[in-house]
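In what follows, a single structure is set out as C-alpha cells and then discussed.
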Amino acid sequence: MDVLENYTGHVDPEGPAARRTLDALTITKISVGPMDNNAYLLVCRSTNEALLIDAANDHERLSDLLAHSPDRPRLRMIVTTHQHADHWQALGSLAGAHGANTVAHELDAAVLPVPPDTLVDHGDTINVGEVPLSIIHLRGHTPGSIAVVYDDPNGHPHLFTGDSLFPGGVGKTTSADNFASLINDVEDRLFAVLPDDTWFYPGHGDDSTLGEQRPSLAEWRSRGW
C-alpha cells in the first residue's frame, strides 16, 4: 500500500493512504468500503502503540495499513464513533487479529458486533501510548455518537468527528429533536470551546477546519439539516 506523506485531508477510495506527522503522533487516513468511509490510524511516536478510529470495512486494507507504518505499530485500541454499520464492518475481525481493546459510548454499544471492552462518556480521556485523547459526546446522529480530540501542545487541536460534523453541515438526523440536539452539541461542545485552527477529520470525505465552517453555523440551524 502506498502512503503519501503530503497530507491534504483528501484520500480516494481504493487509493493511497495519507499520513500527517506531528511531534508526538502520526495520523494516517484511509478510505475503505463501498461507502467511502474514512478510518484513522493514530500512532504514538514514543511507544509505537496505535489506536484506530472506526474499523469501518475492508479488514485486509486496514491490516495492510498497519504493516506499512514505520516499524509496524502495535494496535492496542479501536474506537467506534457511532453505531451505524458502515463504521464497524471490520471491527470484530481486526480486534480479534490484533488483540485490540474496543471502545464506544454505552448508548451505542448494544448494536456493535462485539461488546466494547471500554465504555466512554463525555469528558473521558483515553490514551494511545503516551498521547492523551479526549472524548466528546455529540448527541443526535445516534444516541452515543462521539468525537475524539487530540489537543497538540505544539500546534492546533485535531478533532475526529465521525458522522456528527462534516464540511458543509452536521450529520444526518431522523427528527427535528435529534437535529436540535446535534446542532446544539456541535455548537456548545466543539465550536464554543475549540479554536478556529482546529483541524477536523470526518467519517466520510475531506477534512476541514472549524474556522472554515464557523460562518455557516447559523445557516445550518436555520435550514434544519
### Query
Given Leu112, Ser208, His141, which one lies farthest toward the positive end of the charge dipole of the chain, if we put +1 on the Cβ of every Lys and Arg and -1 on the Cβ of every Asp and Glu?
Leu112
### Task
Determine the gain in length on full extension of the stretch Ala218-Ser93; use 0.36 nm per residue of separation and subtract their C-alpha separation, reporting nm with one decimal.
40.8 nm
### Task
Heavy atoms only, probe 1.4 Å: what % of the accessible area of the chain goes to carbon and sulfur, would you let me know?
48
### Pairwise label distance in nanometres, Asp152 with Trp225, each label 7 Å out on the Cα-Cβ vector
3.5
## Note on the structure
Length gained, Ser46-Leu22, 0.36 nm per residue minus C-alpha separation, equals 7.5 nm
### Message
Taking a ≥ b ≥ c as the square roots of the Cα gyration tensor eigenvalues, with a/c under 1.5 meaning rounded and otherwise prolate when a/b beats b/c, else oblate, which class fits the stretch 8-88?
### Response
prolate
### Query
Hey, quick one: spin label on Ser175, modelled 7 Å out along Cα-Cβ, who in the stretch 107-138 has an amide N within reach, i.e. under 20 Å?
107-111, 138
### Task
Could you tell me which trypsin sites (Lys or Arg not before Pro) in the stretch 1-56 are loop residues by DSSP with no more than 10 other beta carbons within 10 angstrom of their beta carbon?
none
### Task
Please name which of Val170, Ala97, Tyr7 has its Cα lying farthest along the dipole of the chain towards the positive end, using unit charges on Cβ (Lys, Arg +1; Asp, Glu -1) and the Cα centre as origin.
Ala97
### Summary
Taking only protein heavy atoms and a 1.4 Å probe, the highest-to-lowest accessible-area order of Arg61, Arg139, Arg189 is Arg139, Arg189, Arg61
### Query
Rounded to the nearest 20 Debye, what is the dipole magnitude of the chain about its Cα centre when Lys and Arg each give +1 and Asp and Glu each give -1 at the C-beta?
140
### Summary
Within the chain, the percent of DSSP beta bridges that are antiparallel, given to the nearest 5, stands at 65
### Summary
Between Met1 and Asn127, the FRET efficiency computed from the C-beta separation at R0 = 22 Å comes out, to the nearest 0.05, as 0.25
### Simple Cβ-charge dipole of the stretch 14-135, Lys/Arg +1 and Asp/Glu -1, about Cα centre, in debye nearest 20
400
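The values are calculated or read from the model by the stated rules, or taken from the named source; none is laboratory data. As the structure is a computational prediction, the values presented were derived from the model and not from experiment. For neighbour counting, all protein chains shown are included, and Cβ atoms are generated from backbone atoms with ideal geometry for every residue, glycine included. In case anyone asks, the SASA skips ligands and DNA or RNA and just uses the protein heavy atoms, side chains included. Shrake-Rupley method; radii C 1.70, N 1.55, O 1.52, S 1.80 Å.
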